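The next block holds one structure in the form of structure tokens; read it before the comments.
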Amino acid sequence: MVLLIRFLALILILAALVPDGAIAQSSAAGSISGRILSEEDRALHATLTLSFAAARGYPAPPRRVLTGTNGTFTFSRLPAGKYALCAQVAVLESSPANCPYVDTCAWGSGQSPIDLAAGQQLAGIVFTAPKGAWLNVRVADPDHVLPQAVPTKGPAGMGPELQLILKGPDGLYRHARFASQDNGGRDYQVAIPLKTAIGIKITSTVANPFDQSGNQIQEKDEVGVQPATPAELGPVSFTLHRKQ
């Protein structure tokens, strides 16, 4: 009985030490809900990621949800703040042959951040998934310097024999996805946004890369692409020759 009384007294002391603001914050959680649509207003299946739009003073991992019926999504129990929303459309969603949905978590969506007040239940958000174009990259390997690549669902691995990366206008780097390999080289593919300047960088520790015109590419060099329409984006090819 004495132990129980002491335990209850400890609980009361701890409760008194908790700031009133902390209790208010827990009861003032907000939510953000809406739908993800194509440019033709068709509901899409996707994975949506919500994160703070600006850095905060403590770790805040992003939250992810899968869309429900009719492309709906909901993020609940959110503190007040400014949020950024991005989406990765499911591969099963159909689109024209050379107009894939762009991964806006990698390239950005262009949509304005969402302001959420304390306790606000913000509904009716419409996220429009942009379409881009397929960038196809062929890396010819006549000297057979590249090892056999292991197919993956994610970005291609970066090995010393070949590093193929894309630099966006924000200065950040992305990786092209490995598509296939044959006796003549490798093929890569990635969906890129339209009207966006992108630099392709290729380096190798065992070979010298050359561009489509036969010019040797230095480590600092970039091959630029900026298609306004999918029809403007042709395949890009490089050739590797073993270093002597």
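On a C-alpha basis, how far is the centre of the range 47-118 from the centre of the range 206-224 in Å? Whole number, if you could?
36 Å
Normalised by the residues of the range 92-149, what does the relative contact order come to in percent, with Cα pairs under 8 Å and at least six apart? Write down the numbers at each step before the final one.
On the way: 25 pairs, mean separation 27.8, N = 58.
Result for the range 92-149 is 48 percent.
Once the Cα gyration tensor of the range 134-242 is found, what semi-axes does its equivalent ellipsoid get, as square roots of 5 times the eigenvalues, in whole Å, sorted largest first? Don't jump to the answer; show the numbers that get you there.
Working: eigenvalues 91, 47, 36 Å².
Taking √(5λ) for each Cα gyration eigenvalue gives 21, 15, 13 Å.
Taking each pair of different alpha-carbon atoms in the range 28-128 once, compute 1/r for the pair, average those values, and report the inverse of that mean as the Kirkwood hydrodynamic radius in Å to one decimal. Walk me through the numbers before you get to the answer.
Values: mean 1/r = 0.0709 Å⁻¹.
Final number for the Kirkwood radius of the range 28-128 is 14.1 Å.
At 7 Å along the Cα-to-beta-carbon direction for both N98 and Q212, put a label point, then send me their distance in nm to one decimal.
Between N98 and Q212, the label points sit 1.2 nm apart.
Every number here is computed from the coordinates shown, using simple stated rules; none is lab data. Worth saying up front: this structure is predicted, and the values here are computed from it rather than measured. For neighbour counting, all protein chains shown are included, and Cβ atoms are generated from backbone atoms with ideal geometry for every residue, glycine included.
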